[in-house]
Amino acid sequence: TRRCSISFAESRTPCAMLSPSDLRRPLPPSWKLFVGIDTGTYLSALFAAFPPDSYDMFVLEEFPNYRYIGGEIELVGDDIGSIPSWSRAVLGAYQRYVPGRSKVHAWCDENSQFKTELANYGLVAQGNHRKLELRVEIGREYVNNRRFWMAPWLSVLPWEMEHAEWPDETTSAGRFERIKEKDHTLACFEHIASRRPRHRRHLASGLKCR
């Protein structure tokens, strides 16, 4: 059993019905909170925390403006469906983890066309120079090495992970590339995994530093 500094407030709510409000916040100062976002018609953001001197990832919250019904993707209502409302929801949640911050720095695709617009609402979208193939590979390493934990209230990321597909054959470039479909929140996970903290002390974790 591994110990961690993330804990829950006392609650009589059954475990299966826990929500982010049951999590003790802010995070301990020694932990690092990372944010990944995916932009476009379908928006998503993901929060993940890393304890000190560890590559272990604790995925805490997701903010998709869509959902899956019968395996098909559809946009949700206006409460989080538009860029302004979605951005405010992400920023408000972030400030509960890291009080006093007026902006969220989040990793996204380098070619995102939404950086300027998001900046108007306090989201600083930083282009991730690590290429797609590398992000996908590091994300798979986290899954294969079981070095991440998901909060019980997440629903979209678990669905996308379960339905992610990697073809058996390589591309013409010799890479095993994941099929880019229904993966907006999973892309956020891969952004965070590829930008995880670098520690001076090498850990025998099975994860490669890149």
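The values are calculated or read from the model by the stated rules, or taken from the named source; none is laboratory data. Fair warning: this is a prediction, and the values are worked out from it, not measured in the lab. All Cβ positions, glycine included, derive from the backbone under ideal geometry; neighbour counts span all protein chains shown. Just the protein is used for accessible areas: all its heavy atoms, side chains included, with ligands, DNA and RNA removed. Shrake-Rupley method; radii C 1.70, N 1.55, O 1.52, S 1.80 Å.
Mind listing just one residue for me: the one in the range 124-153 that is touching a strand residue (DSSP E or B) at 6+ places or on another chain (Cβ under 6 Å) and under 16 Å from V59 (Cα atoms) and, of those, most open to solvent (accessible area, probe 1.4 Å)?
At the first step, the residues of the range 124-153 found to be touching a strand residue (DSSP E or B) at 6+ places or on another chain (Cβ under 6 Å) are 124-126, 128, 142, 148-151.
From what is left, the residues that are under 16 Å from V59 (Cα atoms) are 142, 148-151.
Details: Y142: 0, F148: 38, W149: 97, M150: 70, A151: 15 Å².
So, considering only residues that are touching a strand residue (DSSP E or B) at 6+ places or on another chain (Cβ under 6 Å) and under 16 Å from V59 (Cα atoms), the one most open to solvent (accessible area, probe 1.4 Å) is W149.
Can you tell me which residues in the range 28-42 are open to solvent by less than 40 Å² (accessible area, probe 1.4 Å), touching a residue at least 40 places away in the same chain (Cβ under 8 Å) and either outside any strand (DSSP E or B) or over 21 Å from R146 (Cβ atoms) (or both)? Talk me through it step by step, then tell me what you get.
Going residue by residue through the range 28-42, those that are open to solvent by less than 40 Å² (accessible area, probe 1.4 Å) are 28, 31, 33-40.
When the remaining residues are screened for being touching a residue at least 40 places away in the same chain (Cβ under 8 Å), the result is 33-40.
Across the range 28-42, the qualifying residues are L33, V35, I37, D38, T39, G40.
Among (1) exposed (fewer than 15 other Cβ atoms within 10 Å of the Cβ); (2) closer than 21 Å to T185 by Cα; (3) at pLDDT below 85, there is one condition E10 misses while meeting the rest; what is its number?
E10 satisfies every listed condition except (2).
Of everything in the range 164-210 that's part of a loop (DSSP other than H, G, I, E, B) and buried (at least 17 other Cβ atoms within 10 Å of the Cβ), which residue is modelled with the lowest pLDDT? Step through it out loud before you land on a result.
Here is the first cut: in the range 164-210, the residues part of a loop (DSSP other than H, G, I, E, B) are 164-183, 195-210.
Add one more test, that the residue is buried (at least 17 other Cβ atoms within 10 Å of the Cβ), and what stays is 164, 178, 182-183, 195-196, 207.
Working: A164: 84, R178: 72, K182: 87, D183: 92, R195: 95, R196: 91, L207: 46.
My answer is L207.
Per-residue answers, yes or no, for (1) open to solvent by 70 Å² or more (accessible area, probe 1.4 Å); (2) of a type in the set (D, E, K, R); (3) closer than 16 Å to G36 by Cα:
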{"residue": "G71", "(1), (2), (3)": "no, no, no"}
{"residue": "K103", "(1), (2), (3)": "yes, yes, yes"}
{"residue": "A106", "(1), (2), (3)": "no, no, yes"}
{"residue": "K115", "(1), (2), (3)": "no, yes, yes"}
{"residue": "S155", "(1), (2), (3)": "yes, no, no"}
{"residue": "E162", "(1), (2), (3)": "yes, yes, no"}
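Do we have any residue at all in the range 124-131 that's out of contact with any Cys (no Cβ under 9 Å at 6 or more places or on another chain) and in contact (Cβ under 8 Å) with a residue 40 or more places away in the chain? Even if it seems obvious, please write down each step before you answer.
Filtering the range 124-131 down to residues out of contact with any Cys (no Cβ under 9 Å at 6 or more places or on another chain) leaves 124, 129-131.
From what's left, in contact (Cβ under 8 Å) with a residue 40 or more places away in the chain: 130.
Scanning the range 124-131 turns up at least one residue that is out of contact with any Cys (no Cβ under 9 Å at 6 or more places or on another chain) and in contact (Cβ under 8 Å) with a residue 40 or more places away in the chain.
I need the full set of residues from the range 43-65 which are over 17 Å from A151 (Cα atoms) and over 15 Å from the mean Cα position of the chain (by Cα), in order please.
Hits for the range 43-65 are P52, D53, S54.
Let me spell it out: the conditions are (1) open to solvent by 40 Å² or more (accessible area, probe 1.4 Å); (2) at pLDDT 95 or above, and L75 meets all of them except one. Which number is the exception?
Only one criterion in (1) open to solvent by 40 Å² or more (accessible area, probe 1.4 Å); (2) at pLDDT 95 or above is unmet by L75, namely (2).
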